[in-house]
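Heads up: the structure comes next, in structure tokens.
Since every read-out is calculated from the coordinates, none of them should be taken as a lab result. Small disclaimer: the values here were computed from a predicted structure and weren't measured. Note: ideal-geometry Cβ built from the backbone for every residue, glycine included; neighbour counts use all protein chains shown.
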Amino acid sequence: QVSAALKEGRVTPTELCQRCLALIKSTRFLNAYITVAEETALKQAEESERRYKTGQPLGILDGIPIAVKDNFNTAGIETTCASNMLKGYISPYNATVVQKLLDQGAVLLGKTNLDEFAMGSGSTDGIFGPVRNPWSYSRQYKEKSVPKSHSEDEESNWVITGGSSGGSAAAVSSFTCFAALGSDTGGSTRNPAAHCGVVGLKPTYGLISRHGLIPLVNSMDVPGILTRCVDDAAVVLGSLAGHDPKDSTTIQDNFKPFELPSLPDVSKLSIGIPKEYHAPGLSSEILALWSKAADLFKNAGAKVIEVSLPHTRYSIVCYHVLCTAEVASNMARFDGLEYGHRSDVNKSTESMYAATRREGFNDVVRGRILSGNYFLLKQNYENYFIKAQKVRRLIANDFLKVFGSGVDILLTPTTLSDAVPYREFIKEDNRTRSAQDDILTQAANMAGLPAINVPTALSERGLPIGLQFIGRSFQEKQLLTVAKWFEKQVKFPMIQLEEVERHNHNVFQHQKSASFS
């Protein structure tokens with residue numbers, strides 16, 4: 001819609017950029033952005049405007065304001081990973097995905113907040129403070145939540161965004177940008193997308209380049225896409241996917257961008273409902289919604305069958321071992337010598353290393369490095385790391401068997417509940433929280449499969465709930481077509497944010513209406 005408005009001259013790229021920048025300022029309390037690149041963005045918008053005037057836009061993304069999670073390298077703009085270790089670090093090059101967006105004429109507004117080095121599921125553990133969920137300030141939530149006293153209302157009642165790409169999800173949800181990049185290692189794009197009521201796509205491993213994404217777990221990391229509707233996710237995917245000579249894990253074949261059918265048909269599909277995803281702690285609300293969604297497919301003529309992924313129950317333990325082992329290896333590069341923070345302790349090289357890492361990393365990162373190095377010790381390697389790799393293969397085979405039996409798409413919950421208040425969230429440590437919150441999402445990363453969160457309904461508390469679709473490898477078109485059909489059925493309501501309503505935001509309107517019934 002916005003792309004059409006730009007082409008028709010109803011709005012200019014500069015006006016659009018200024019409107020988004022004004023919204024970023026008025027929603028600063030959300031803490032969604034770490035860096036706002038105002039000058040650069042306005043310059044890019046002016047260039048886009050010149051192209052539109054000469055009738056030569058670079059593509060559908062030309063002039064569209066976007067945001068990027070602060071663990072993607074951006075030339076000339078600080079990249080911090082929300083850590084003291086990289087505070088002030090400016091990369092000499094752009095991540096491939098960032099470069100591809102800029103080559104399409106997208107306007108980069110800034111870098112979004114996250115958990116330090118993307119380790120977490122709340123976007124609460126970075127050095128720049130926690131991200132607040134825009135829905136905490138929505139009319140829908142305010143009407144449902146009854147504060148004990150007026151002073152306690154907004155200051156203690158706000159809920160988390162989920163993580164670790166919480167800044168990107170909040171940025172899209174609060175209309176400050178039209179699309180944002182996140183990263184997804186165990187659910188870091190889908191989890192905040194579910195809590196913030198936006199679409200969160202984790203593509204197949206190897207479909208999008210990881211070059212320039214600061215690595216967490218090389219064998220599972222995937223750049224994620226956050227948008228307000230499924231069609232937009234398909235457009236962004238089309239711009240990003242394909243081989244990259246700088247990343248040997250990307251597919252060799254050329255990727256053909258696709259358009260989703262305007263009237264998707266699901267009647268010939270087989271939808272699998274994995275029984276193991278009825279996990280302990282799953283809220284009755286989400287369970288009821290999951291069942292309702294299955295009925296929607298059944299009523300549309302699709303075949304809905306219960307399936308089993310028997311090794312799912314081992315996946316979170318397996319993920320913990322593999323994740324920390326790769327983290328320990330990846331974090332070795334931050335030694336204070338080449339880039340990033342360097343301690344003043346100079347008694348010896350070893351003491352400088354130790355002091356740099358103690359000062360630069362938070363407890364969560366140090367804890368994961370410690371665990372990972374323990375699992376990689378010579379005496380533990382076979383018992384932990386190798387065994388976890390074997391279990392990972394069994395988990396991937398479970399999916400292959402199910403898809404081989406004729407199932408096209410799996411339908412599961414994305415999270416165990418709606419977003420919890422910040423005060424409640426921080427009562428438990430990061431590791432416990434991550435284990436709970438990743439339980440429904442990380443198996444797709446272990447198997448390298450594409451998965452998407454689609455916002456489905458509002459909870460009794462007036463907060464978003466999302467459901468997840470998992471597809472076959474490299475079958476993004478089928479996955480997104482099913483997601484688009486589902487999105488049309490549920491008609492997720494648009495967030496009612498007073499901060500946004502104060503600005504004239506006709507250009508931000510989307511087809512969002514009634515609730516799920």
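Summary of values
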| read-out | value |
| --- | --- |
| Kirkwood Rh in Å, taken over the chain so that all alpha-carbon pairs contribute | 23.0 Å |
| Rounded to the nearest 20 debye, dipole of the stretch 36-124 from Cβ charges on Lys, Arg, Asp, Glu | 160 debye |
| Extreme residue, positive dipole direction of the chain, given options Gly360, Ile273, Gly105 (C-beta unit charges) | Ile273 |
| Cα gyration tensor, the stretch 251-315 - rounded (a/c under 1.5), prolate or oblate | oblate |
| Dipole magnitude (debye, nearest 20) for the stretch 381-475, charges at Cβ of Lys, Arg, Asp, Glu | 320 debye |
| Percentage relative contact order, the chain, counting C-alpha pairs under 8 Å, at least six apart | 17 percent |
| Rotationally averaged projected area of the stretch 353-424 (alpha carbon convex hull; nm²) | 8.9 nm² |
| All-pairs Cα distance distribution in the stretch 288-354, expressed in whole percent, bin size 5 Å | 3, 12, 11, 10, 9, 9, 8, 7, 7, 6, 6, 6, 4, 2, 0 |
| In the stretch 443-490, GluC sites (Glu not before Pro) in a DSSP loop with at most 15 other beta-carbon atoms within 10 Å | Glu460 |
| Check: the stretch 230-362 dipole with +1 on Lys, Arg Cβ and -1 on Asp, Glu Cβ, in debye | 360 debye |
| Fraction of antiparallel bridges per DSSP, the chain only, in percent to nearest 5 | 70 percent |
| Lys/Arg +1, Asp/Glu -1 at C-beta; the chain dipole; positive extreme among Thr414, Trp135, Val2 | Thr414 |
| Measure of compaction for the stretch 103-198 (Cα Rg per 2.2 N^0.38 Å) | 1.13 |
| Cβ-based net charge around Gln436, under 12 Å, with every Lys or Arg adding one and every Asp or Glu removing one | -2 |
| Total formal charge among the other residues, if their Cβ is under 11 angstrom from that of Gly187, Lys/Arg +1 and Asp/Glu -1 | -1 |
| Over 28 Å (Cα to Cα) - which of Lys69/Lys298; Lys87/Lys246; Lys275/Lys488 fall in this group | Lys69/Lys298 |
| Gyration tensor (alpha-carbon) shape descriptor, the stretch 189-239, a/c threshold 1.5 | oblate |
| Three-way shape call for the stretch 46-169 based on the alpha-carbon gyration tensor, with the a/c threshold at 1.5 | oblate |
| Gain upon complete extension [Asn397, Lys268; 0.36 nm per residue less C-alpha separation] | 44.0 nm |
| Gap separating the Cα centres of the stretch 243-300 and the stretch 350-408, nearest whole Å | 27 Å |
| GluC sites (Glu not before Pro) within the stretch 194-292, DSSP loop, no more than 16 other Cβ atoms inside 10 Å | Glu259 |
| Cα-Cα over 29 Å, subset of Lys111/Lys292; Lys303/Lys477; Lys202/Lys303; Lys100/Lys390 | Lys111/Lys292; Lys100/Lys390 |
| Over the stretch 154-254, volume per residue of the alpha carbon convex hull, in Å³ | 102 Å³ |
| Residue (of Tyr314, Ser343, Val235) at the positive-pole extreme of the stretch 215-371, dipole from beta-carbon charges | Tyr314 |
| Scaled radius of gyration (Cα, divided by 2.2 N^0.38 Å) that the stretch 227-384 gives | 1.57 |
| Environment charge of Met352, counting only residues whose C-beta is closer than 9 Å and scoring Lys/Arg +1, Asp/Glu -1 | -1 |
| Asp344 paired with Leu377, simple spin-label distance in nm, labels 7 Å along Cα-to-beta-carbon | 3.6 nm |
